[in-house]
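Asker: Structure in structure tokens, see below.
The values are calculated or read from the model by the stated rules, or taken from the named source; none is laboratory data. What you see is a predicted model; the values in this text were computed from it and never measured. Note that we place each Cβ from the backbone using ideal geometry, even for glycine, and neighbour counts take in every protein chain shown.
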Amino acid sequence: MQADSASSLRVRDPPPDHLLTSAFRASTNTHGKICTIVTSLLGAYTPFYSAYAGLKAPVEHFTRAASKEFGERGISVTAIGPGPMDTPFFYPAESDEAVAFHKTAAALSPFSRSGLTEIEDIVPYVRFMVSEGWWMTGQTILVNGGYTTK
């Protein structure tokens, strides 16, 4: 099952947030930036993705909690939530009904060239968050051309 495969990477082996938290606790580095990647589906009420959004929600919570934990060391922690992307994980794992739904919903955005979020669409935001976005921390920024708002 695809959801079980995805959850084994994010929840059981050990969780990436545990590894990252442990690494930063042991480190003496200060004034850094962490930008996690979540999903705009966390701000949407859509069918088909309860398991996927459920697996990304802990990463978003980690972002908020870690921002408080690492903030005293000048480390900001943020998240970017892209909209649906044509990746090897996204569409090949989906039912035809789910693919049709997201292509239709994404196409509602007049800002989208393809109806999907492209890597080039989110790179400038990630770059900003890890360079000049020092005052932002604990925030999830949805970068999705209007696919959903939160």
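Asker: Mind checking whether some residue in region 124-144 is part of a loop (DSSP other than H, G, I, E, B), modelled with pLDDT under 90 and under 16 Å from the mean Cα position of the chain (by Cα)?
Answerer: For region 124-144, residues part of a loop (DSSP other than H, G, I, E, B), modelled with pLDDT under 90 and under 16 Å from the mean Cα position of the chain (by Cα): present.
Asker: Modelled with pLDDT of 65 or more, in contact with a Lys or Arg (Cβ under 8 Å, 6 or more places away or on another chain) and aliphatic (A, V, I, L, M): which single residue out of Val77, Val99 fits that description?
Answerer: Exactly one residue qualifies, and that residue is Val77.
Asker: Can you say whether Leu41 is more than 15 Å from Thr78 (Cα to Cα), touching a strand residue (DSSP E or B) at 6+ places or on another chain (Cβ under 9 Å), surrounded by 11 or more Cβ atoms within 10 Å (Cβ to Cβ) and modelled with pLDDT of 60 or more, as far as the supplied structure shows?
Answerer: It is true that Leu41 is more than 15 Å from Thr78 (Cα to Cα), touching a strand residue (DSSP E or B) at 6+ places or on another chain (Cβ under 9 Å), surrounded by 11 or more Cβ atoms within 10 Å (Cβ to Cβ) and modelled with pLDDT of 60 or more.
Asker: What's the total number of residues in region 38-54 that are closer than 26 Å to Gly133 by Cα and free of Cβ contacts under 8 Å to residues at least 60 places away in the same chain?
Answerer: Counting residues in region 38-54 that are closer than 26 Å to Gly133 by Cα and free of Cβ contacts under 8 Å to residues at least 60 places away in the same chain gives 2.
Asker: Can you name every residue in region 55-70 that is surrounded by fewer than 20 Cβ atoms within 10 Å (Cβ to Cβ), touching a residue at least 24 places away in the same chain (Cβ under 8 Å) and either small (Gly, Ala, Ser) or over 10 Å from Thr140 (Cβ atoms) (or both)?
Answerer: Leu55, Pro58, Ser67, Lys68, Glu69, listed by residue number.
Asker: Output yes when any residue across region 56-66 is among the basic types (Lys, Arg), closer than 20 Å to Phe128 by Cα and either modelled with pLDDT under 90 or part of a helix (DSSP H, G or I) (or both), and no when none is.
Answerer: Yes, region 56-66 contains at least one residue that is among the basic types (Lys, Arg), closer than 20 Å to Phe128 by Cα and either modelled with pLDDT under 90 or part of a helix (DSSP H, G or I) (or both).
Asker: Among (1) at pLDDT below 75; (2) assigned to a helix (DSSP H, G or I), there is one condition Thr87 misses while meeting the rest; what is its number?
Answerer: If we test Thr87 against (1) at pLDDT below 75; (2) assigned to a helix (DSSP H, G or I), just (2) comes out false.
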